[in-house]
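Asker: My questions all concern the structure below.
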Amino acid sequence: MRAPQADAEFLMRDTTSHPAAYTPQYKTSVLRSPRLAPISLQQSLSEVTAPVFDAAELGPLDNDLILNYAKDGMPIGERIIVHGYVHDQLGRPLKNALVEVWQCNASGRYRHKKDTYIGTLDPNFGGCGRMLTDENGYYAYRTIKPGPYPWRNRVNDWRPAHIHYALSGDGWVQRLVTQMYFEGDPLIRSCPILGVAPSEEQIRGLIALQDTGAFVQLDSRAYRFDVVLRGQRATLFENHVQQAAEGERR
Amino acid sequence: MSGWREHRLGLEGPLAAPGGSELVVRRETASQTAGPYVHIGLAPDAAGFDIFENNFGNVLVTDQTKGERIRIEGRVFDGIGTVLKDVLIEIWQANAEGKYAHPADRQPGKAVDPHFRGWGRACTDFESGVYTFDTVKPGPVEGRNGRTMAPHVNAWIVARGINLGLNTRIYFSDEAEANAKDAVLNLIEWEQRRKTLVAERLERKLDSGAAVYRFDIRLQGEGETVFFDV
């Protein structure tokens, strides 16, 4: 066989959708950015396959950050739902994609042994969750809105409120980590990390919009955040193009 | 007629295809760094707390998995040789027969091992900076144009300061003959860089008898690891 099948290949990554590796305004990137050009590979089975996940691997509260670390009460802060769709670049839903999220609590403090920020830990909040998308690429989780916090880049740099995402699709090349921000946050415009995104369009794509239609009355607000992963070529599309090309040659 | 429209993305005015808007190729969501607290989301036990019943970790094998047990271990260095202690690495590999546990792998005559998914994640240790994976040595996999690829493990590296996850491959030093014929290694025109992708089999073995390979990753500077745009 000639691996991979044409229907499994992914569109070439458009690197103009992503930040450069070397971005001095985000100082930590200076010594951690490769200087040499990456080698471009045509995809093989190693790139078009990826781990397949089973709902049985996840626990019933894994997507409920309000309850999944609650010890003797509820975590403090604004209750929100975050939901949206994971599609590929051609608009197809990514089914059964693993979505993992992590964040600080309402005080801007991470439950992590290396975080020493003065903001206080919440005994009832862990700050991580995970879920699989459904057949429409839809995901949803419930959490506490994270707070902003200062960080050592310049002396008065603050991270806007954000939630980290890691996404796994059908192929290894679709793996993506990113961060979701909240509409209206005044820290967005001065964030050196968000600022490395290559364009206004790409920055807008990282900002979740308040979704009043999905509010839970007298309980929680909601934010909508959609993600686009690498597009996968379709057999139909492929055949169509080849036939058209052959037609032109005749 | 429409095959080239996907390359039209971003073109406007006279450069755009006439009337060509049926096929919309959207931009991939922009990557952002995984940050210093990546462990909370992807390895909460490393962050220092217990939350999920089932954690995804760095041991890919069970007692029932088929194949030669190996450990892959190493460290990650920045551009001035500092050992990094906040890196997360994931690997994805074929099983001992050279079969990926995924429906797109239609190689004939090779079976999926029900006791091996082939995926794992590891954090570099907060003190030593060492990461480890306990897995099996993968078999060779059919590559493009019928050319067999030398046994290898795919690796993906994210951390604070890395804006877009880095892809590389881990080959094995005791597969010199297969490595010499591997189409991907041969694509690297700077021959001296190919060795950055070869894990060295050490004399030392684990008590379990598993072979140990060392694979260090250099993000920048002298001996910079080859990363792939895949």
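Asker: Would you point out the residue of region A:67-77, among those that are surrounded by fewer than 17 Cβ atoms within 10 Å (Cβ to Cβ) and within 18 Å of A:A222 (Cα to Cα), that is nearest to the other protein chains (Cβ to nearest Cβ)?
Answerer: Applying the filter and picking the extreme gives A:L67.
Asker: Next question. In region B:70-92, which residues are of a type outside the set (V, I, T) and touching a Lys or Arg at 6+ places or on another chain (Cβ under 8 Å)?
Answerer: Selection gives B:E73, B:G74, B:F77, B:D78, B:G79, B:L84, B:D86, B:L88, B:E90.
Asker: Of all residues in region B:116-149 being basic (K, R) and farther than 16 Å from A:W172 by Cβ, which is nearest to the other protein chains (Cβ to nearest Cβ)?
Answerer: Among them, the one singled out is B:R147.
Asker: Restricting attention to strands (runs of 3 or more DSSP E) lying wholly within region A:119-172, give those where 3 or more residues are buried (at least 21 other Cβ atoms within 10 Å of the Cβ).
Answerer: Answer list for region A:119-172: A:128-132, A:138-144, A:162-168.
Asker: Which is in a loop (DSSP other than H, G, I, E, B), of a type in the set (A, V, I, L, M), more than 14 Å from the chain's Cα centre (by Cα) and closer than 19 Å to B:W156 by Cβ, of B:A104, B:A46, B:A111, B:A96?
Answerer: Answer to the selection: B:A104.
Asker: Quick one: is B:A30 over 30 Å from B:F172 (Cβ atoms), crowded, with 19+ Cβ neighbours inside 10 Å, in contact with a helix residue (DSSP H, G or I) (Cβ under 7 Å, 6 or more places away or on another chain) and modelled with pLDDT of 95 or more?
Answerer: The answer is yes for B:A30.
Asker: State yes or no: is B:V136 closer than 26 Å to B:I40 by Cα, among the β-branched types (V, I, T) and touching a residue at least 24 places away in the same chain (Cβ under 8 Å)?
Answerer: The answer is no for B:V136.
Asker: What's the number of the condition B:N145 fails, among (1) at pLDDT below 95; (2) under 16 Å from the mean Cα position of the chain (by Cα)?
Answerer: In the conditions (1) at pLDDT below 95; (2) under 16 Å from the mean Cα position of the chain (by Cα), B:N145 misses (2) alone.
Asker: Would you point out the residue of region B:99-112, among those that are surrounded by fewer than 20 Cβ atoms within 10 Å (Cβ to Cβ) and closer than 17 Å to B:K66 by Cβ, that is nearest to the other protein chains (Cβ to nearest Cβ)?
Answerer: B:Q107
Asker: What residue, among those in region A:31-66 that are in contact (Cβ under 8 Å) with a residue 12 or more places away in the chain and more than 7 Å from chain B (Cβ to nearest Cβ), is nearest to the chain's Cα centre (by Cα)?
Answerer: A:N63
Asker: Shifting gears a bit: Please enumerate the residues belonging to region A:68-88 that are in a loop (DSSP other than H, G, I, E, B) and touching a strand residue (DSSP E or B) at 6+ places or on another chain (Cβ under 6 Å).
Answerer: Matches in region A:68-88: A:P75, A:G77.
Asker: So which of A:G108, A:G126 is under 26 Å from B:F126 (Cα atoms), small (G, A, S), within 13 Å of chain B (Cβ to nearest Cβ) and out of contact with any strand residue (DSSP E or B) (no Cβ under 7 Å at 6 or more places or on another chain)?
Answerer: Exactly one of A:G108, A:G126 is under 26 Å from B:F126 (Cα atoms), small (G, A, S), within 13 Å of chain B (Cβ to nearest Cβ) and out of contact with any strand residue (DSSP E or B) (no Cβ under 7 Å at 6 or more places or on another chain), namely A:G126.
The values are calculated or read from the model by the stated rules, or taken from the named source; none is laboratory data. Keep in mind it's a predicted model, so treat the numbers as computed, not measured. Cβ atoms come from the backbone with ideal geometry, glycine included; neighbour counts cover every protein chain shown.
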